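What follows is one structure encoded as structure tokens, with my remarks underneath.
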Amino acid sequence: MADAGRGPEGEHHPVPCARFVLSALTGEIRSGVLSALPADAHEFEPNSDTL
């Protein structure tokens, strides 16, 4: 389930969470909640301040 977080919108995607994230990043799954995906570039920035 993908939830908008700040509203009542939600979407059901019948895949495990990690598969959903990968599919949303690559464009295999389109999501109205994550409408900015897929993006042209992806970047991971670790943040030691949160741990």
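The values are calculated or read from the model by the stated rules, or taken from the named source; none is laboratory data. Quick caveat: nothing in here was measured; it's all calculated off a predicted structure. When we count neighbours, we look across all protein chains shown, and the Cβ atoms used for this are built from the backbone with ideal geometry, even at glycine. Keep in mind that these areas ignore ligands, DNA and RNA; they rest on the heavy atoms of the full protein, side chains included. Shrake-Rupley method; radii C 1.70, N 1.55, O 1.52, S 1.80 Å.
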Limited to region 6-36, what total is found for residues that are in contact with a Leu (Cβ under 6 Å, 6 or more places away or on another chain) and in a loop (DSSP other than H, G, I, E, B)? 0
Contact list, first residue from region 16-39 and in contact (Cβ under 8 Å) with a residue 24 or more places away in the chain, second anywhere and surrounded by 14 or more Cβ atoms within 10 Å (Cβ to Cβ) and of a type in the set (A, V, I, L, M), beta-carbon distance below 9 Å, six or more apart or interchain, is Ser31/Ala2; Ser31/Ala24; Ser31/Leu37; Val33/Ala2; Leu34/Ala2; Leu34/Ala24
For the list (1) modelled with pLDDT of 80 or more; (2) open to solvent by 40 Å² or more (accessible area, probe 1.4 Å); (3) not aliphatic (A, V, I, L, M), I need the number of the one condition that Ser31 fails. (2)
